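Values quoted throughout were computed directly from the atomic coordinates according to the rules given, and no laboratory measurement underlies them. Everything numeric in this text was worked out from a predicted model, so none of it was measured. Quick reminder, even Gly has a Cβ in these numbers, built from the backbone with ideal geometry, and neighbours come from all protein chains shown.
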Amino acid sequence: MNDKLNNLLETYEYDGVGYHRGIEFESWTVAVLNYAERFDKIEKLERHNLTDEVFILVEGEATLILGEEMTCVPMVKNKMYNVKAGAWHNVKVSHDAKIIIVENANTSKENTEYLPVTFVG
């Protein structure tokens with residue numbers, strides 16, 4: 001891009017392993033989640049106490065796992081899924097999956113809780 005466009009537009013892509021924040025602005029962040037070995041076996045659920053979290057599947061296959069009863073919700077490509085603040089969740093992804101995630105920029109381990117589980121599926 002030329003200098004004029006650099007002042008108007010920021011681009012980002014991530015093809016690495018796992019979760020990576022890409023673009024942040026003031027109170028929000030957009031991240032990319034790709035397959036990582038940790039998604040082969042779901043060992044915990046998490047819940048963010050200060051933010052909803054939006055998931056958008058753009059490649060591959062993925063299933064949201066919600067609530068302590070671990071309800072499985074197969075994701076549809078390009079559909080937005082808004083997991084509400086305080087909801088237990090995780091996501092199981094295929095090896096070719098790519099998910100876009102939008103959440104508060106201040107989401108961290110300090111304001112996230114974790115629940116160990118045994119997941120079959």
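Need the list of lysines near Lys79 for cross-linking: C-alpha distance under 17 angstrom, and skip anything on the same chain fewer than eight residues off.
Partners within reach: Lys92, Lys98.
Using the Karplus equation 6.51 cos²θ - 1.76 cosθ + 1.60 (θ = phi - 60°), what ³J(HN,Hα) coupling, rounded to whole Hz, does each residue of the stretch 87-98 give in order, writing x for Gly and Pro?
Taking θ as phi minus 60°, the curve returns 8, 5, 6, 7, 9, 9, 10, 6, 4, 9, 6, 9 Hz for the stretch 87-98.
Where is the GNM fluctuation largest for the chain (alpha-carbon springs, 10 angstrom cutoff): Phe25, Phe39, Phe55?
Fluctuation is largest for Phe25.
Under a 10 Å cutoff between Cα atoms, tell me which one of Gly60, Gly16, Gly86 has the largest fluctuation in the Gaussian network model of the chain.
Judging by the Gaussian network model, the answer is Gly16.
What residues qualify as long-range amide H neighbours of Tyr19, i.e. H under 5 Å apart, gap of 5 or more or another chain, H built at 1.01 Å from N?
Amide H neighbours of Tyr19, under 5 Å, 5+ apart: Asn34.
Could you tell me which GluC sites (Glu not before Pro) in the stretch 76-121 are loop residues by DSSP with no more than 14 other beta carbons within 10 angstrom of their beta carbon?
Answer in residue order: no site qualifies.
Helix-derived [θ] at 222 nm for the chain: sum -39500 (n - 2.57) over DSSP H runs of at least 4, divide by residue count, nearest 500? List each step's numbers first, then the result.
Values: 1 runs with 4 residues, N = 121.
Using -39500 (n - 2.57) per qualifying helix, the result is -500 deg cm²/dmol.
List the GluC sites (Glu not before Pro) in the stretch 1-91 that DSSP assigns to loop (not H, G, I, E or B) and whose Cβ has at most 15 other Cβ atoms within 10 Å. Which are they?
Glu10, Glu13, Glu26, Glu43, Glu61, Glu68, Glu69
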